[in-house]
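What follows is a single structure, written as C-alpha cells, with notes after it.
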Amino acid sequence: MTVGSLLILPGDGIGPEVMDEVCRIIEWFEKKLKIQLDTKFDLVGGSAYDKYGTPLADTTLKIANEVDAILLGAVGGPKYDNLEFSLKPERGLLKLRKELDLYSNLRPAQCFDALSDYSSLKPNIISGLDIMIVRELSSGSYFGEPRGIEINKKSGERYAINTTYYSESEIERVAISAFEIAKKRNKKVCSMEKANVMEVGVLWREVVQKIKDKNYPEIELSHMYADAGAMQLVRWPKQFDVIVTDNLFGDLLSDCAAMLTGSLGMLPSASLGNKNANGKLKAMYEPVHGSAPDISGKGLANPIACILSFSMALKYTFDLKKEAELLDKSVERVLSKGIRTADLLQKENQKPSSTKEVCDEILVELNQQLKEG
Ligand code: IPM
Ligand code: MN
C-alpha cells in the first residue's frame, strides 16, 4: 500500500552518504512490510547552487509544498563560504522552513543505554535521559526585519542589524505544540527566554503562561532564563521533560542537549507546520548534525541521526508508530552489540564501523525482529 509521498533532499557533505543508507531502510520497508512510499529526489544547499545557481530552486519548493513530508540530509560546506549571503547553502534550508511555515521543531535528546558512558557528563547524570526540545523555527532572530549590514553615513563605519521579532500568535502556536507533546509525555514544560533583558522574552513568558492557564491545567509549567537553562542542562538534565524556546536559543540549547547524549551523530528532528490539503501536518525531517565536510566521502559518518529522522517521519507523518518502533529498536540493538561509527569510539584500538556497515547491521536487526514476530 502507498502510505504517502516523501521528497528526499540529501544536500551537501555527509548528507548524501547518510541518505543512501536511509534509502536502503526505505527499500526494506517496501520489500518486507509492503509499505510503499512515493519517493522523489531533488537538490538543496550547495548541491542545488552548483546545478541551479540557487540553494533552493522554485521547482524544488513547489514539490516540497506538495509532498506529505521532506527528508533532508545536511547543507553547507567550505566550498560555498565566499558566496553572497543570499546564495549560501543555509539559505536554502531556511527558505524551506519559512515558506512551509514549519514553526515547531522537535529535537528529542535521548540517551541510549549502550551509550551512557559516551557522554562528557557522568553516566548517572545522563542515563535514561529523555527530553524533547521544541524550538520555534520560522520566526525570531533568524527572519526578523530589519536586518542587514549597513554603513553609518556620518561616521562611515559599518554596522549590522538583526531583529528578534515574535507576534503573540507565533508564540501561541509553538506553545500549544509543546503542551500537546508534553500531554503525551511527563506533562512538564519548561519555557526558556531572556525576559530579564528582552521585551520578546517578556511577551513570550506571558503568552506561554496564558495558554497554559487557559487550556492545560494538567501541565506543570516553569519558566527559566535561557542562560540558566543552558547551565541546568549540563548540571541536571533529567529535571526536564519538554523545553520550549525561540529559534536562536533553541539552536544553541539543542546542540548542547544533543551532545549530552554522546554524539551529535545520533539526534533526529522533525519540523512541523499547519495542516495541508490532505489533512497531514506539513513536515520536514532532518538530522540535527550538519554537513561535516571534514569527514565527508570517507564512509565515517554516523547514519543513525538520519535513520532516526526517517523513523520520526514514519511516526508523525505516516502514522506508522509500530514500524517506527521497529526501526528505533533495531538501532538500539545495534548499539548494544557495540557497533559504532568513529564519532562514538572510545577505545583507541577499537575499529570503527563504516556508515554502510552500521546500516547493514540495522537491516540485520530489522530482519531478526520480523523473525521474532
Ligand atoms: C540547525 C542548523 C541550522 C540552524 C543552520 C544549518 C542554518 O544549525 O538546524 O540547527 O542554524 O538552524
Ligand atoms: Mn544548529
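The values are calculated or read from the model by the stated rules, or taken from the named source; none is laboratory data. On a predicted model such as this, the values are computed, not experimentally measured, just so you know. No Cβ is skipped: glycine too gets one built from the backbone with ideal geometry, and neighbour counts run over all protein chains shown. Only protein heavy atoms, including side chains, enter the accessible area calculation; ligands, DNA and RNA are left aside. Shrake-Rupley method; radii C 1.70, N 1.55, O 1.52, S 1.80 Å.
In table form, for the structure just shown:
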| item | result |
| --- | --- |
| Verdict on residue 287 being surrounded by fewer than 24 Cβ atoms within 10 Å (Cβ to Cβ) and within 16 Å of ligand 2 (Cβ to nearest atom) | no |
| Qualifying residue in the stretch 313-323 (condition: under 12 Å from the mean Cα position of the chain (by Cα) and open to solvent by 10 Å² or more (accessible area, probe 1.4 Å)) | no |
| Residue check, residue 343 open to solvent by 30 Å² or more (accessible area, probe 1.4 Å) and within 16 Å of ligand 1 (Cβ to nearest atom) | no |
| Residue match in the stretch 45-60 (condition: touching an Asp or Glu at 6+ places or on another chain (Cβ under 9 Å), away from ligand 1 (no atom under 14 Å from the Cβ) and β-branched (Val, Ile, Thr)) | yes |
| Hey, residue 96 open to solvent by less than 50 Å² (accessible area, probe 1.4 Å) and either outside any helix (DSSP H, G or I) or free of Cβ contacts under 8 Å to residues at least 12 places away in the same chain (or both) or not | no |
| The stretch 265-284 - residue that is among the hydrophobic types (A, V, I, L, M, F, W, C) and buried (at least 18 other Cβ atoms within 10 Å of the Cβ) and, of those, farthest from ligand 1 (Cβ to nearest atom) | 281 |
| Residue, nearest to residue 343 (Cα to Cα), within the stretch 103-130, restricted to residues that are open to solvent by less than 10 Å² (accessible area, probe 1.4 Å) and outside any strand (DSSP E or B) | 115 |
| Meets criteria (among the polar types (S, T, N, Q), touching a strand residue (DSSP E or B) at 6+ places or on another chain (Cβ under 8 Å) and in a helix (DSSP H, G or I)) for residue 309 | yes |
